[in-house]
Structure formats: C-alpha cells, structure tokens
1. Straight-line reach from Lys48: which aspartates and glutamates fall under 20 Å, measuring Cα to Cα and dropping same-chain residues less than 8 apart?
2. Given a 10 angstrom Cα cut-off, can you work out which residue in Ser105, Ser158, Ser15 is the most mobile in a GNM of the chain?
3. Highest GNM mean-square fluctuation, the chain, Cα pairs closer than 10 Å: which of Glu136, Glu72, Glu114?
4. Past the 20 Å Cα-Cα mark, which pairs from Lys47/Lys86; Lys65/Lys116; Lys150/Lys170?
5. Step through the residues of the range 136-151 one at a time and calculate ³J(HN,Hα) from phi using the Karplus curve (6.51 cos²θ - 1.76 cosθ + 1.60, θ = phi - 60°), rounding each to whole Hz and writing x for Gly and Pro.
6. Give, as ranges by residue number, the residues of the range 143-170 whose backbone N falls under 17 Å from the point 7 Å along Cα→Cβ of Asn192.
7. Please state the charge dipole magnitude for the range 39-96, taken about the Cα centre, from unit charges on C-beta atoms (+1 on K and R, -1 on D and E), reported in debye and rounded to the nearest 20.
8. Over what distance in Å are the Cα centres of the range 53-96 and the range 133-194 separated?
Amino acid sequence: MIIEGLCTTLNPDGSVNIAPMGPVVNEELTSFLFRPFQSSTTFQNLKKTGQGVFHVTDEVDVIAKTAIGQLETQPELLAAKEIQGKVIATACRWYEFEVVSIDDSQQRTEITTELKHVGHLRDYWGQNRARNAILEAAILATRLHILDTKGVNKQIASLKIIVEKTANEKDAETFTLIERYISETIASIKSNST
C-alpha cells in the first residue's frame with residue numbers, strides 16, 4: 001500500500017528539502033520503496049547522500065503546501081538519531097532510512113531503503129474527510145501536466161463539497177490555496193498551448 005507523508009533530505013548546501021512523498025510500504029511499516037521522479041530534489045538528494053527521513057503526519061496543510069511549492073516557513077526541525085538528516089518536530093512518527101539500491105532506468109525511479117531508526121513524537125490525530133480531500137486535491141495539483149483538466153475540475157468540485165461540510169477554518173484555507181493553485185496552473189497550461 002502507499003502511505004502519504006513528508007520526506008526530508010539534505011540539500012548539497014546542508015539546508016533541508018521537505019517534500020510530499022508516498023512510498024510503497026508493507027502493513028508493518030518496516031519496508032519503504034520510494035518512487036520519486038528523477039527531476040525531483042528528493043531524488044537528487046537521495047542519490048547523493050543515500051539518507052532521508054519519512055514522516056507520518058496529520059498536518060495536511062504542510063503536505064499540501066509543499067506539494068505546490070508554497071510552504072513559506074519550514075516547520076521546526078530536530079536532528080535525526082541514526083543518520084545525517086532532520087526530523088520534522090510536529091510529525092507524529094518518523095522513519096530514518098538509508099538507500100540500499102536505486103533503479104533509475106525509468107523516469108519514475110525505485111529506491112529501496114533500509115530503516116535505521118523509528119521515532120514517535122505524538123499520537124496521530126485521526127481520520128477527517130476534509131483532510132483526506134485536501135490530500136487528494138494536493139496530489140491532483142502535482143499531476144496537472146499529465147491529467148485532463150476537465151476531469152481535474154470535476155474532482156475538485158466533488159472534493160470541495162466534502163471540505164465545506166467537514167473542514168475547520170485552517171483546513172478550509174488550505175483547500176482554497178490548492179484550488180487557486182490548480183486554477184492558475186490550468187489557465188497557464190491553456191495559454192501556453194495556444
């Protein structure tokens with residue numbers, strides 16, 4: 001199965017890259033297969049350093065904002081325990097890993113990892129339909145270059161109904177941010193294709 005979360009890696013200058021990531025995992029969360037695009041900073045950093053930290057979090061706003069490149073302030077970061085890396089201090093759990101192998105023979109790479117340390121910071125908040133809808137909208141926002149815009153608009157309209165019924169104010173603002181990003185990106189794609 002795929003679990004959505006955040007991955008931190010170290011950039012060449014020592015700064016931290018935070019990116020949404022959905023690795024393939026087993027049910028025990030002991031096996032992580034990452035599949036980043038080769039054009040991503042996460043792929044470049046993992047290829048260079050061979051280390052990273054995957055975070056399980058209920059802060060869907062951070063996932064959404066990183067997905068569209070609009071995270072204005074990085075969350076507080078802590079030093080990882082067993083690797084050279086950083087842990088997001090507000091995450092629920094984290095998984096420090098080292099790269100075992102990289103298959104970059106296709107555009108979407110497959111990176112096999114080995115866990116080095118697992119940590120727990122706080123309990124998971126729980127399921128919420130609005131946050132799940134925001135996560136789906138954020139994933140759509142990262143795939144606008146390969147999806148049919150009419151289908152995207154239809155999906156966003158359906159997700160908006162869920163957000164309107166079940167979101168708190170912060171989550172509603174995050175969905176509006178994603179909506180605006182999608183609308184502007186689709187308009188830009190259409191104007192560039194004419």
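All of the numbers you see were taken from the coordinates with simple rules; none came from a lab. These figures come from a predicted structure and were not determined experimentally. Cβ: placed from backbone, ideal geometry, glycine included. Neighbour counts: every protein chain shown.
1. Output for Lys48: Asp13, Glu82, Glu96, Glu98, Asp103, Asp104, Glu110, Glu114.
2. Most flexible of the set in this elastic network: Ser105.
3. Highest fluctuation among the options: Glu72.
4. Working: Lys47/Lys86 17 Å; Lys65/Lys116 28 Å; Lys150/Lys170 27 Å.
Check vs 20 Å cut-off fails for Lys65/Lys116; Lys150/Lys170.
5. Those phi angles translate into 4, 5, 5, 5, 4, 4, 7, 10, 4, 6, 10, 9, 6, 5, 5, x Hz.
6. 143-150
7. Details: 6 positive and 7 negative charges, 65 e Å.
Value, rounded to 20: 320 debye.
8. Cα centroid to Cα centroid, the span is 23 Å.
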